[in-house]
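These notes concern the structure reproduced below.
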Amino acid sequence: MPLRKDGTLLGVGILGCGPIAQFAHLESVQKGRNVRLAAVCDRDEGLATRFGSFYGAARVYTDYDAMLADDSVEAVVIATSDAFHVPASRRALAAGKHVFCEKPVGLSVEEVEALRADVRASGRVLQIGHMLRFDPGIQSAHDFIRDEMGQMLALKAWYCDSTHRYTMTDAIQPLPQTGSNALRPDGDPKADRHRYNMLAHGSHLVDLARYLGGPLRAVRARLLDRYGAMCWFVDVDFESGALGHLDLTLQVRMDWHEGFQVYGEHGSVIAKIFNPWYYKSSEVDVFREADAASHRVLGADGHFYRRQIEGFADVVLKGAPMNGASIEDGVASVRAMVAIARSAQTGRAVDLADVSGPV
């Protein structure tokens with residue numbers, strides 16, 4: 001079926017033509033029903049020209065300020081390294097642009113709170129790229145929990161990356177293209193493996209727990225390193241009074257293992273989440289006590305990267321409700337990751353309200 005575009009399209013500029021843009025955002029903007037690719041920008045001219053041409057960008061830039069000065073660019077997708085997320089977002093807001101920023105939104109409590117102040121002052125939309133919120137199966141669980149389940153007793157969620165991940169994803173993804181003049185953060189972001197994995201992978205798990213279970217009050221975490229793998233077990237106190245348990249393990253000697261279980265007053269939910277690059281909606285079984293039967297949506301449209309940019313554009317163009325992760329969600333997630341890190345170091349429970357500093 002041919003792609004159909006809406007009558008009104010949001011002009012989007014993509015900052016960064018590295019792997020996450022190549023694998024997710026360029027295609028999503030090209031396919032999105034309510035967006036158009038107004039521009040791409042990368043310091044590496046070869047990357048910017050190659051992908052701008054392939055995806056039909058109206059303009060190609062190697063200077064970010066020049067793209068921000070382009071009136072046809074109404075919103076910016078920040079697809080850079082994590083260290084640049086907050087500075088690039090703040091510059092875009094100052095230029096009057098709406099912002100879609102890859103996760104994690106920032107690296108410390110202080111910088112994301114400064115960004116939150118800018119968002120509030122600007123009146124612009126900022127959405128964070130937690131794409132699981134646009135997985136149709138997970139959305140069905142969220143709606144059931146919100147509308148029908150009653151009080152939540154407990155939530156368990158797990159994110160276990162596999163040693164075989166790249167063997168599988170390399171079979172379906174194109175080879176990422178690299179440039180000789182790419183903008184890189186100071187130092188090696190992967191040098192501290194605990195911090196890197198918490199930011200890259202733990203941010204998904206924390207946001208999923210908050211999306212389904214609501215705000216987190218406190219965490220108590222344990223961390224174990226063995227044979228090159230690492231495992232966080234995190235006990236969670238939700239503000240609702242529900243109990244939670246999070247399992248972040250990298251890398252398991254098995255297939256990709258991600259999912260959740262929720263126990264509630266009028267039913268329960270169990271879910272299997274697939275490797276995101278398969279674009280396959282999660283298998284989510286909602287059990288309703290009222291009819292003693294399980295229900296599963298057919299999530300035929302599993303392109304949640306495209307769905308999230310369409311959701312973002314609907315907020316900007318139509319004033320639709322924010323179904324994605326907001327800056328408030330981003331601040332809370334960074335606080336949760338800092339609290340987990342501090343708890344793993346000290347062996348004590350940590351309240352999210354009490355933390356500061358970097359992840």
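General observations
- Restricting attention to the stretch 1-14, the residues that are in a strand (DSSP E or B) and either under 23 Å from Gln177 (Cβ atoms) or touching a helix residue (DSSP H, G or I) at 6+ places or on another chain (Cβ under 7 Å) (or both) total 4.
- Whichever residue in the stretch 96-135 is assigned to a loop (DSSP other than H, G, I, E, B), of a type in the set (A, V, I, L, M, F, W, C) and closer than 20 Å to Arg210 by Cα and, among such residues, is farthest from the chain's Cα centre (by Cα): Leu107
- Pair list, Cβ < 6 Å and 6+ apart or interchain, from the stretch 58-70 residues that are among the hydrophobic types (A, V, I, L, M, F, W, C) to residues that are part of a strand (DSSP E or B): Ala58/Ala38; Val60/Val40; Met67/Gly13; Met67/Ala39; Met67/Cys41; Met67/Tyr61
- Any hit, the stretch 238-250, residues being among the acidic types (Asp, Glu) and closer than 15 Å to Asp351 by Cα: yes
- Flag if Asp63 is buried (at least 23 other Cβ atoms within 10 Å of the Cβ), acidic (Asp, Glu) and closer than 23 Å to Asn181 by Cβ: no
- Criterion (at pLDDT 95 or above, of a type in the set (A, V, I, L, M) and either in the same structural domain as Trp277 (by TED's automatic domain parsing) or touching an Asp or Glu at 6+ places or on another chain (Cβ under 6 Å) (or both)) met by exactly one of Leu47, Leu93: Leu93
- For the stretch 15-57, a tally of residues being touching a residue at least 40 places away in the same chain (Cβ under 8 Å) and part of a strand (DSSP E or B) returns 2.
- Filtering the stretch 181-229 to residues that are outside any helix (DSSP H, G or I) and closer than 30 Å to Pro136 by Cα leaves Gly214, Pro215, Leu216, Arg217, Ala218, Val219.
- Taken over the stretch 65-92, the criterion of being closer than 22 Å to Gly32 by Cβ, of a type outside the set (Gly, Ala, Ser) and not in a strand (DSSP E or B) is satisfied by Met67, Leu68, Asp70, Asp71, Val73, Glu74, Thr80, His85.
- Residue in the stretch 150-165 that is assigned to a helix (DSSP H, G or I), touching a Phe, Trp or Tyr at 6+ places or on another chain (Cβ under 9 Å) and either free of Cβ contacts under 8 Å to residues at least 24 places away in the same chain or buried (at least 23 other Cβ atoms within 10 Å of the Cβ) (or both) present: no
- Each residue in the stretch 269-290 was checked for being part of a strand (DSSP E or B) and surrounded by fewer than 21 Cβ atoms within 10 Å (Cβ to Cβ), and 6 of them qualify.
The values are calculated or read from the model by the stated rules, or taken from the named source; none is laboratory data. Because the structure is predicted, anything quoted here is derived from the model rather than measured. Here the Cβ is made from the backbone with ideal geometry for all residues, glycine too, and neighbour counts use every protein chain on show.
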